[in-house]
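Right, one structure below, let's go through it.
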Amino acid sequence: QYLDTYFRKVNSLLKPDGKALIQAIVIDDDQYHKALKQVDFIKRYIFPGGFMPCYSVIIDSASRNRLMLEDVHDMGLSYAQTLRDWRKRFYENIEQVKQQGYETSFQRMWEFYFCYCEGAFDERAISVGQILFRKQASISGSSENRDAGR
């Protein structure tokens, strides 16, 4: 719903030929429309109101707003390891969590979150990527370019 507004703003903030690097957690293109209509554990408890795009939706929206795709660096499999590390550190510091007054249900929710996402990344149901865009030059060219030929 807001991607076009977002990329329009990104475009407006970039210098001519400027670049923008966007990092996003994405869902498989084939599952995108189904996921839009569902409220799962993540959308309900971790990121209420959250939105998980797919690569094609991001790239299409950026393109409509005059941002050309330069590169995509997918890091999904390494992100599964990141989640394993976060879960390990969470439990290494569980006494601090308890001292802050968080109950067992909070601890279980976060353990489930880490495991749920780790599995999704391992199975490639979701991924994380860095997407590099470059602002397209204006169609008519800048006044500097037109004046340089005179």
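Coordinate-derived values only; no laboratory data. Fair warning: this is a prediction, and the values are worked out from it, not measured in the lab. Note that we place each Cβ from the backbone using ideal geometry, even for glycine, and neighbour counts take in every protein chain shown.
Here the extension length gained between Gln130 and Gln99 equals 7.5 nm, from 0.36 nm per residue of separation less the Cα-Cα distance.
Taking 7 Å steps out from each Cα toward its Cβ at Ser56 and Ser78 produces label points 2.7 nm apart.
Here the chain is treated with +1 on each Lys and Arg Cβ and -1 on each Asp and Glu Cβ, and its dipole about the Cα centre works out to around 560 debye. Look at the dipole of the chain built from charges on Cβ: of Leu13, Leu83, Gln100, the Cα furthest out on the positive end belongs to Leu13.
For region 47-119, the dipole from Cβ point charges (+1 on Lys and Arg, -1 on Asp and Glu) about the Cα centre works out to 160 debye, to the nearest 20. Restricting attention to the chain, lysine pairs at least eight places apart or on different chains and with alpha-carbon atoms under 24 angstrom apart total 7. Percent of Cα-Cα pairs more than 28 Å apart in region 3-136, please. Percent of Cα pairs beyond 28 Å in region 3-136: 31. Contact order, relative form, for region 3-136: 46 percent (alpha carbon pairs under 8 Å, 6 or more residues apart, mean separation divided by residue count). Mean residue ellipticity at 222 nm, helices only, the chain: -14500 deg cm²/dmol; runs of at least 4 DSSP H residues each add -39,500 (n - 2.57), and the sum is divided by the number of residues.
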